[in-house]
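The values are calculated or read from the model by the stated rules, or taken from the named source; none is laboratory data. Worth saying up front: this structure is predicted, and the values here are computed from it rather than measured. Cβ sites come from the backbone with ideal geometry, for glycine too, and all protein chains shown count toward neighbours.
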Ligand SMILES: [Zn+2]
């Protein structure tokens, strides 16, 4: 099956805990989606920017029912949502998923320099867009996706967006955490993001770290070791304790750590969440 165009576009890797990473390294967003295989149902977490047919890949791994849940509503996580009929998201990012994005809104993400691999056949930068979808249900803290032989618990981890979630499989020690923790550029400075919420979310995940075996992030290196979560929690502590930003640009402070960066609005100290 690897000679099909989907497999030229996506890097697909299966791990011991029956999680399949579907990565999109040929696009500048370099995003990862994860398929959690279950006995009665499988859970697809995120759907990439949407250049390749992720559903065709998913169906190579399961013939059973599929639920799609978005870790949040940014464009690089929702692009293939329209290929699925059971889509879930947190209420905080519901409108993004319902609305999708127009060709114009996707703008620079469709430019030739956004690609390091040839996009799959049929891609047209003039017409490509992200269709909005009907959402089956919203998810919230504590909800559980029961896949028959495994359960994924929803952890509300806002701060990058209001509706960011992570998912933990306590039995196998797997954490899927979207954009909240990864070894690249982490962003708490978006207009509806919040640094205080972000820090609290990372702390929530760090509290789980001793019981985790693998962490599956939305970007950059994957999977990562659970200590990566505590590293980010410690980085937030350093910032809270007065560490100076390494770069200040366009009202954003960027803090550079060994394995990642954190970006916060320069006014972050005054922006306590409601
Ligand atoms: Zn994002």
Conditions first: (1) touching a helix residue (DSSP H, G or I) at 6+ places or on another chain (Cβ under 8 Å); (2) at pLDDT 95 or above; (3) in the same structural domain as residue 39 (by TED's automatic domain parsing). Residue 162 passes all but one, so which condition is the exception? (3)
Applying the selection to the stretch 157-188, what residues are more than 11 Å from the ligand (Cβ to nearest atom), buried (at least 24 other Cβ atoms within 10 Å of the Cβ), in a strand (DSSP E or B) and over 11 Å from the mean Cα position of the chain (by Cα)? 169, 174, 175
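Before we move on, is residue 198 over 28 Å from residue 12 (Cα atoms), within 16 Å of the ligand (Cβ to nearest atom) and not in a loop (DSSP other than H, G, I, E, B)?
Details: over 28 Å from residue 12 (Cα atoms): yes; within 16 Å of the ligand (Cβ to nearest atom): yes; not in a loop (DSSP other than H, G, I, E, B): yes.
It is true that residue 198 is over 28 Å from residue 12 (Cα atoms), within 16 Å of the ligand (Cβ to nearest atom) and not in a loop (DSSP other than H, G, I, E, B).
Mind counting the residues in the stretch 48-73 that are within 16 Å of the ligand (Cβ to nearest atom) and farther than 11 Å from residue 130 by Cα? Outline the logic, then answer.
So in the stretch 48-73, the residues within 16 Å of the ligand (Cβ to nearest atom) come out as 48-50, 69-73.
Then keep just the ones that are farther than 11 Å from residue 130 by Cα; that gives 69-73.
Going through the stretch 48-73 one residue at a time, the tally reaches 5.
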Given the condition more than 16 Å from residue 45 (Cα to Cα), within 16 Å of the ligand (Cβ to nearest atom), without any contact (Cβ under 8 Å) to a residue 12 or more places away in the chain and exposed (fewer than 14 other Cβ atoms within 10 Å of the Cβ), answer yes or no: does some residue in the stretch 120-134 qualify? no
Condition met for residue 126 (over 30 Å from residue 269 (Cβ atoms), in the same structural domain as residue 24 (by TED's automatic domain parsing) and not in a strand (DSSP E or B)): yes
Using the structure shown, decide if residue 14 is under 19 Å from residue 82 (Cβ atoms) and touching a residue at least 12 places away in the same chain (Cβ under 8 Å). no
Is one or more of the residues making up the stretch 247-268 touching a helix residue (DSSP H, G or I) at 6+ places or on another chain (Cβ under 6 Å) and in a loop (DSSP other than H, G, I, E, B)? yes
May I ask you to list the residues in the stretch 105-119 that are free of Cβ contacts under 8 Å to residues at least 24 places away in the same chain and part of a loop (DSSP other than H, G, I, E, B)? 111
Matching residues in the stretch 132-144 (part of a strand (DSSP E or B) and over 17 Å from the mean Cα position of the chain (by Cα)) number 2
Looking only at the stretch 74-83, count every residue that is away from the ligand (no atom under 16 Å from the Cβ) and touching a helix residue (DSSP H, G or I) at 6+ places or on another chain (Cβ under 7 Å) and tell me the total. 1
Considering (1) assigned to a loop (DSSP other than H, G, I, E, B); (2) touching a strand residue (DSSP E or B) at 6+ places or on another chain (Cβ under 9 Å); (3) away from the ligand (no atom under 16 Å from the Cβ), say which one residue 149 fails and leave the rest. (2)
